[in-house]
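> Structure provided below as structure tokens; questions to follow.
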């Protein structure tokens with residue numbers, strides 16, 4: 001028996017080397033995809049909030065509208081290689097390599113798997129944000145990386161390896177939560193997946209409930225650490241300025257409620273109500289900033305007193321108007337309309353004093369032109385991905401396929417939980433806000449298709465065995 005253990009270890013290593021070699025084409029595809037995006041936007045497109053994040057990385061974080069975590073991370077990469085390029089390569093690389101791993105571990109033909117990587121990179125809701133150094137992409141990269149790390153934990157994984165991979169995955173989940181104030185909603189399924197990988201699934205209802213509660217508590221603990229990270233300046237632990245995003249959203253909601261209720265509840269600078277016809281003329285469900293910029297007469301009070309109490313009172317008094325406003329914004333958010341998708345990418349580097357410049361090339365122009373044209377197509381509309389993935393994952397369970405069920409369920413659950421709160425809190429319909437939800441739905445869809453195909457292959461094998469057994473029995477009876 002003592003001689004069997006070294007033989008088992010050798011066999012496991014051989015299998016591991018074979019699995020690694022089979023992934024080499026996928027790693028190459030991920031590398032090419034990452035390089036493509038970097039070359040198409042070199043040195044990395046920067047919008048206003050990207051520039052603010054980099055500026056704070058080089059000076060001092062001040063909180064307010066932007067989570068400081070991204071600036072802390074960027075400070076490290078900017079020290080290694082000043083500018084946006086390394087930051088963009090790292091976050092896009094984590095996303096691409098993690099996605100390639102998730103697809104590569106399926107039993108689909110290699111040509112199909114390589115095509116999946118190329119298609120993933122070319123999809124407008126994914127390519128558009130990746131061209132820009134945005135925290136939305138960083139969230140998606142962290143969550144996809146966590147999913148890939150957890151998927152790599154197998155029954156053959158040793159205790160130390162399993163704990164290390166789960167710990168790394170949870171660290172990436174925490175990073176994803178820290179990048180955006182609203183990212184925590186998508187973390188819970190990933191945390192639960194980590195617990196299942198660490199402890200195994202349980203057939204006992206009581207044990208299952210305990211693990212769900214443990215997952216909820218762990219998610220809350222991660223949220224608490226994120227709150228400290230994004231509310232105190234490091235390393236001095238000075239309290240940062242209060243985040244003002246919620247005030248802006250509530251002010252936007254007051255305008256929207258007024259428009260749909262046909263009565264003004266929006267104060268001007270003197271405390272009087274702004275005429276409702278004027279509010280209708282400036283209201284735009286695509287973005288609160290567009291609505292603010294339309295206020296050319298500056299009638300709306302910039303900082304209404306007691307905005308939170310006004311907001312709650314307005315919702316209580318006009319619940320249907322609030323829901324109609326939020327539905328209008330959310331329809332723009334998921335592009336459930338006939339006009340072009342809003343703000344598909346940011347195709348340049350905004351003016352800055354950080355020494356980052358942009359030089360146009362024909363290749364960059366072709367890619368950005370592709371993005372502009374995609375805005376009128378269904379391939380750019382997030383609701384298409386949400387609907388398709390839901391149908392495919394449901395089908396995966398209906399056919400009782402055994403392969404990739406847990407991974408597909410985790411990905412789509414995280415994507416939908418990230419999406420659902422946005423109905424109430426999104427201030428705008430920027431395509432990039434859908435980034436992780438679309439990424440999660442795409443990987444869930446591919447895993448669902450792979451699982452359904454595996455189920456079909458298993459049925460064929462069973463039918464062949466049945467026919468062979470029947471033929472043998474017929475021969476014996478003769």
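> When you scan the stretch 181-217, how many residues do you find that are touching a residue at least 40 places away in the same chain (Cβ under 8 Å) and within 21 Å of the chain's Cα centre (by Cα)?
Number of matching residues: 13.
> Let me ask you something else. Please state which of the following conditions residue 284 fails to meet, knowing it meets all the rest: (1) under 29 Å from the mean Cα position of the chain (by Cα); (2) surrounded by 18 or more Cβ atoms within 10 Å (Cβ to Cβ); (3) part of a helix (DSSP H, G or I).
Status for residue 284: all satisfied but (3).
> Assuming residue 304 fulfils every condition listed in (1) within 29 Å of residue 68 (Cβ to Cβ); (2) over 32 Å from the mean Cα position of the chain (by Cα); (3) surrounded by fewer than 17 Cβ atoms within 10 Å (Cβ to Cβ) apart from one, which condition is it?
With (1) within 29 Å of residue 68 (Cβ to Cβ); (2) over 32 Å from the mean Cα position of the chain (by Cα); (3) surrounded by fewer than 17 Cβ atoms within 10 Å (Cβ to Cβ) applied to residue 304, the lone miss is (3).
> On to the next question. Could you list all residues from the stretch 257-281 that are surrounded by fewer than 21 Cβ atoms within 10 Å (Cβ to Cβ) and within 32 Å of the chain's Cα centre (by Cα)?
Of everything in the stretch 257-281, just one residue is surrounded by fewer than 21 Cβ atoms within 10 Å (Cβ to Cβ) and within 32 Å of the chain's Cα centre (by Cα), namely 260.
> Let me ask something else about it. So which residues in the stretch 137-161 are surrounded by fewer than 17 Cβ atoms within 10 Å (Cβ to Cβ) and farther than 19 Å from residue 106 by Cα, if there are any at all?
158, 159, 160, 161
> Among 440, 451, which is in contact with a helix residue (DSSP H, G or I) (Cβ under 8 Å, 6 or more places away or on another chain), at pLDDT 95 or above and over 26 Å from residue 333 (Cα atoms)? Show your work before the answer.
On the way: 440 fails: over 26 Å from residue 333 (Cα atoms).
Result: 451 is the single residue among 440, 451 that is in contact with a helix residue (DSSP H, G or I) (Cβ under 8 Å, 6 or more places away or on another chain), at pLDDT 95 or above and over 26 Å from residue 333 (Cα atoms).
> Restricting attention to the stretch 36-82, report how many residues are touching a residue at least 24 places away in the same chain (Cβ under 8 Å) and farther than 26 Å from residue 344 by Cα.
8
> Can you list the helices (runs of 4 or more DSSP H) found entirely within the stretch 361-439 that contain at least 3 residues being over 18 Å from the mean Cα position of the chain (by Cα)?
Once the helices (runs of 4 or more DSSP H) in the stretch 361-439 are filtered for at least 3 residues that are over 18 Å from the mean Cα position of the chain (by Cα), what remains is 362-374, 382-398.
Rundown of residues vs (1) under 25 Å from residue 97 (Cα atoms); (2) modelled with pLDDT under 95; (3) buried (at least 20 other Cβ atoms within 10 Å of the Cβ); (4) touching a helix residue (DSSP H, G or I) at 6+ places or on another chain (Cβ under 6 Å), yes/no style:
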| position | (1), (2), (3), (4) |
| --- | --- |
| 349 | no, no, yes, no |
| 353 | no, no, no, no |
| 363 | yes, no, no, no |
| 400 | no, yes, no, no |
| 411 | yes, no, yes, yes |
| 444 | yes, no, yes, yes |
| 447 | yes, no, yes, yes |
| 458 | no, yes, no, no |
| 463 | no, yes, no, no |
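> Here's a follow-up. In the stretch 315-341, what residues are farther than 22 Å from residue 377 by Cα and not in a helix (DSSP H, G or I)?
Answer for the stretch 315-341, where residues must be farther than 22 Å from residue 377 by Cα and not in a helix (DSSP H, G or I): just 318.
> Another question, if that's okay. Of all residues being part of a helix (DSSP H, G or I) and surrounded by fewer than 19 Cβ atoms within 10 Å (Cβ to Cβ) in the stretch 53-74, which is farthest from the chain's Cα centre (by Cα)? Just the residue, please.
Out of the qualifying residues, it is 58.
> Only residues that are buried (at least 22 other Cβ atoms within 10 Å of the Cβ) and not in a helix (DSSP H, G or I): list them for the stretch 182-201, please.
187
> Given the conditions (1) over 30 Å from residue 244 (Cβ atoms); (2) in contact (Cβ under 8 Å) with a residue 24 or more places away in the chain, and given that residue 427 satisfies all but one, which numbered condition is not satisfied?
(1)
> Just checking, does the stretch 210-220 include any residue being exposed (fewer than 13 other Cβ atoms within 10 Å of the Cβ) and at positive phi?
Looking for residues that are exposed (fewer than 13 other Cβ atoms within 10 Å of the Cβ) and at positive phi, one finds none in the stretch 210-220, hence no.
> Inspect all residues belonging to the stretch 343-351 and state whether any of them is over 26 Å from the mean Cα position of the chain (by Cα) and either under 30 Å from residue 57 (Cα atoms) or not assigned by TED's automatic domain parsing to the domain that holds residue 59 (or both).
yes
The values are calculated or read from the model by the stated rules, or taken from the named source; none is laboratory data. Just so you know, these numbers come straight off a predicted model, no measurement behind them. Cβ sites come from the backbone with ideal geometry, for glycine too, and all protein chains shown count toward neighbours.
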